[in-house]
Every structure is written in structure tokens, then in C-alpha cells.
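Note sheet for the following structure.
Rule-based calculations on the coordinates, nothing more; no lab input. These numbers were taken from a predicted model, which means no experiment stands behind them. Here Cβ is always computed from backbone atoms with ideal geometry, including for glycine, and neighbour counts include all displayed protein chains.
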Amino acid sequence: MRFKHAAITLAIVSSFAAGALVSPFLPHAMPSAHAAAAPMTPHVIDLAAMKNEDLPLRPNSQLRTLTVFSTADGSIALQSGTVPKHTHQQNDEVQYILEGSGSMWVGSERKEFKPGSLIVIPRGSAHGGATASYRALAIKLPLPVAGDTQQID
């Protein structure tokens, strides 16, 4: 069990370290993504007050998502519902489950999740296909670009 916790911790640290190392070069590689991010301002976002109906429904999906914070280095979105299995080739993703429980594909295995679960999804790893609706914070590093999501049949 300790090995599993150490592996998860290492995966989280590695994902964030990779984002931190690559992020200084992103404005040069993707100037349009850098320009699209709004300047950061101090503020408080009451996620608990947001209802599922406040989150836009994504096309051809049962997923509702709202980006609540974004910089040139990454984004944080509040998500609700389910999404078909897919990958991101240019983004690492970390999901923190706020509500709901069930199972979803993470890599090549189906994994159980519950409130408090932290799901680490390195770029290129299949994920999604949850058996239950859930509500999560989704952190993507670096900032997502259009067309990066690839559906898996």
C-alpha cells in the first residue's frame, strides 16, 4: 500500500514539475494560447454555490464544464456528468473528485473513485467513461489547445 501512495505522489509531483519546466517555453511555441489567457487577479470563487445548470453542456456529451481559472500555464475547470473515453496528447490532467462515486477508465484499467479521490492522467493516457455522474476539479497542464481531445471508441 505504501508503494501505491508513493507512486501516486511521484506521479503528481512529476506532472506538476513537467508543467513547470515546459511552461516558460510555451509562449514561444504557442503564442496564441499565451495571448488568450486573461491576466490573473486576486479573487475568490465559490464553487459550492455553482449548480450543475450553471455549467455549460459540451456538444455531443453528457459533460458539463466551466473553466474557472486559466493562465498561460494551465487551467482549472469545474466538471459535472460523464464523458466518453478519450486522450489528450498535449496535456497532463489531474482530477479531484468533489462529489459522486463510481468507476472510470484511467490508462488501461477501470478504477474506482469517490469524493476525495485524486486521479492523475498523464498526457496520452485514456480516461473517461465513468459509470456514474460525478463533480470534479480538472486541472490541465499546460493550457489546453483546441483539437487536443481524441475520442476512443
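Structure values in brief
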item: Extension gain (nm, one decimal) between Ser125 and Asp153, 0.36 nm per residue minus Cα-Cα; result: 8.7 nm
item: FRET E, pair His86, Lys114, Förster distance 30 Å, beta-carbon r, rounded to 0.05; result: 0.85
item: Extension gain, Thr67 back to Leu47 (0.36 nm per residue minus Cα-Cα distance, nm); result: 6.1 nm
